[in-house]
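What follows is a short report on a single structure.
Quick note: the coordinates plus some simple rules give every number you see, no bench work behind them. All of these numbers come straight from a predicted model, not from anything done at the bench. No Cβ is skipped: glycine too gets one built from the backbone with ideal geometry, and neighbour counts run over all protein chains shown.
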Amino acid sequence: MKDLRARKLVAAERTRIDAALGELGAGIRDDGALELQQTGESDSGSDLASEMVDAAMVADLHAELEAVGRAEERISAGTFGVSVESGRRIPVARLEAAPLAERTLEEQRAHEDEGR
């Protein structure tokens, strides 16, 4: 994959993640106030559950931002599209679908199985 295409794909991922973080931040600030306005009361149990889900989503998005940074480093180093595990080429179709991929699909599946 050409560097310019890789940069565009990774930049699009950064934009998507930044937008999602912005939306979550607004939602975190607005949810409680909206419920209070609509009902005159707040359901603290549901507020807590919502906050926990939002916090988990924010953590996932921050992890994705770290992956964006690693992808940008690999582009600069000329190793984008090469598995960080085996050094094998990651198929272009995989990179088009998942620009932050650090491993081949088979390696990623094995990596995820190890984590379970």
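Which members of the range 97-110 meet the condition of being of a type in the set (Asp, Glu) and surrounded by 13 or more Cβ atoms within 10 Å (Cβ to Cβ)?
First, the residues of the range 97-110 that are of a type in the set (Asp, Glu): 102, 106-107.
Matches in the range 97-110: Glu102, Glu107.
Kindly indicate which of Glu72, Glu66 is free of Cβ contacts under 8 Å to residues at least 12 places away in the same chain, closer than 16 Å to Glu13 by Cβ and under 18 Å from the mean Cα position of the chain (by Cα).
On the way: Glu72 fails: free of Cβ contacts under 8 Å to residues at least 12 places away in the same chain.
Going through Glu72, Glu66 in turn, the sole match is Glu66.
Which residues, taken from the range 85-112, are over 20 Å from Ala12 (Cα atoms) and part of a helix (DSSP H, G or I)? Within the range 85-112, Leu105, Glu106, Glu107, Gln108, Arg109, Ala110, His111, Glu112 meet the criteria.
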